[in-house]
């Protein structure tokens, strides 16, 4: 039995997001192998024209295609950040695996952390298809040269945080990532279809965990509410700075690496999340939160962008701890990787002899 | 209530639970990402086995205890897992050697139980034997790779083999519970050696001599490591009386 099967309460907004993922997937299937490859050995101008035509036709760029250096760099940066977020993001959740309060919840949490390792692997492979390599991306992460998502630098203090983190930050991740299923880079779009489906499962599990706490004892309800209070801000901040201050947005949108602004996605997340909070019987910590019938959206207080800057700069509550732990795991594994390589080298020589 | 059956199934369930708890604690600590996926997979298999076995033990007992009451509301001395599975994962070598020893044992025992008279236990064993066959092949591959890898990896593997070997004797120590139900693993030691010794040889590791053979786990007398494992596992559950999670 899949340990993650549970009794799902109805989650407004979740089905619509999944439907978008599936629509993107069927588009990918219909399209099949991308259109004509770029002319081999062509002049740069021809190659650029071909690239721009593919983008303009909303078709997919594949690893064999010539791309402008900026497109490659932007994508590698974005995909590496995503991959790093998956693997460093295992830490705040694995913090509760040994203490999960039921065996079923333990299995669910372990499966979720395993999915994240799998997503990390998958995304590093996509980055490798663009000419990066995993080892150097990991080095950039360990040296603090490449980032991961802000929310990972907050602590999971109680079991409630495990639920709030999954409900809010995986929920935000799905909103962020659904449009990426239509990314112009084929391997990334295909990876995101799979990742989104699993993330939406994680989001549902977080919802289910919080729902159980919220309906439980007063102490459990308080645990859930306090955790939601802690995670609302970091989740809103996951969409990044406001569009006007976002350094990479314009170009990424032109290249169809990105399709909506940070602000549009943040609004969408709020609109989806408010009704879910009502079902959970939990409040969101924003007195300004109110339905605006003129706009057809909820009004809300933007996240604290100064705090976001501090966290991204390395001064969140857990930045140092997360990075040190990541480095330590990597260093501890050095002798294992070296031995595996030595063994393989020995035996390939023997096979050759 | 068939007390012998309950005690027998509890041993199997406790072995799987404690092994799962140890393995699950390694999440994010694997030497590479592929191995993080593999270790979590193994931990999930073991946890699944523990849940099925503890649930069945509770049913046999007939006192209304489910998997969680058995996992979270028993004291240390009520767990009858073998001492081997509670040994700490001091490094990746210890993890793999422990997995080699334990999965070879589980594979043989589950194989026998899958052909046994207790249909429920046979069904659990039949499903689990496929899982532990994978655990065993994973552990064999790493044992050979690391034993026959670098000087450092060989030294670490030999240390782990030497330290963990004494705890393997308990797996095959017969008593009234093992003799009273299912299949007595006492008879499996030779076949177990038939699996483990060739792997150690291929890994260029020395098979330790049989001398010290600590026991006690099956009677609830554990090593000092165990209290911390149980304390951590039960801490949150025990802090809230009579609630659902």
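The values are calculated or read from the model by the stated rules, or taken from the named source; none is laboratory data. Fair warning: this is a prediction, and the values are worked out from it, not measured in the lab. Neighbour counts run over all protein chains shown; Cβ positions are idealised from the backbone, glycine included.
Remarks
- Residue check, residue B:149 out of contact with any strand residue (DSSP E or B) (no Cβ under 9 Å at 6 or more places or on another chain), free of Cβ contacts under 8 Å to residues at least 24 places away in the same chain and farther than 29 Å from residue A:339 by Cα: no
- Number of positions in the range B:230-245 that are more than 28 Å from the chain's Cα centre (by Cα), more than 7 Å from every other protein chain (Cβ to nearest Cβ) and modelled with pLDDT of 95 or more: 0
- The set of residues in the range B:6-30 that are under 23 Å from residue A:321 (Cα atoms) and surrounded by fewer than 21 Cβ atoms within 10 Å (Cβ to Cβ) comprises B:25, B:26, B:29.
- The range B:211-243, residues that are under 26 Å from residue B:16 (Cβ atoms), touching a residue at least 24 places away in the same chain (Cβ under 8 Å) and part of a loop (DSSP other than H, G, I, E, B): B:212, B:213, B:214, B:215, B:216, B:220, B:221, B:222, B:223
- Criterion violated by residue A:237 - all others in (1) within 29 Å of residue A:63 (Cα to Cα); (2) surrounded by 23 or more Cβ atoms within 10 Å (Cβ to Cβ) satisfied: (1)
- Within the range A:94-118, the set of residues being part of a helix (DSSP H, G or I), more than 7 Å from every other protein chain (Cβ to nearest Cβ) and surrounded by fewer than 23 Cβ atoms within 10 Å (Cβ to Cβ) comprises A:104, A:115.
- Of all residues in the range A:244-292 being farther than 30 Å from residue A:224 by Cβ, over 19 Å from the mean Cα position of the chain (by Cα) and surrounded by fewer than 17 Cβ atoms within 10 Å (Cβ to Cβ), the one that is modelled with the lowest pLDDT: A:247
- Given (1) in contact (Cβ under 8 Å) with a residue 24 or more places away in the chain; (2) farther than 17 Å from residue A:236 by Cβ; (3) surrounded by 14 or more Cβ atoms within 10 Å (Cβ to Cβ), index of the condition residue A:314 fails: (3)
- Yes/no for residue A:343 being out of contact with any strand residue (DSSP E or B) (no Cβ under 6 Å at 6 or more places or on another chain) and surrounded by 14 or more Cβ atoms within 10 Å (Cβ to Cβ): yes
- Against the conditions (1) within 15 Å of residue B:74 (Cβ to Cβ); (2) within 8 Å of chain A (Cβ to nearest Cβ), residue B:32 satisfies every one except (1).
- Within the set B:86, B:78, B:3, the sole residue that is surrounded by fewer than 22 Cβ atoms within 10 Å (Cβ to Cβ) and at pLDDT 95 or above turns out to be B:78.
- Among the residues making up the range B:35-73, those that are within 11 Å of chain A (Cβ to nearest Cβ) and farther than 25 Å from residue B:130 by Cβ are B:66, B:68, B:69, B:72.
- Selection within the range A:119-136 - facing chain B (nearest Cβ under 9 Å) and in contact (Cβ under 8 Å) with a residue 12 or more places away in the chain: A:120, A:124
- Scope the range B:138-171; condition surrounded by fewer than 21 Cβ atoms within 10 Å (Cβ to Cβ) and closer than 21 Å to residue B:19 by Cβ; matching residues: B:138, B:141, B:159, B:162, B:163, B:164, B:166, B:169, B:170
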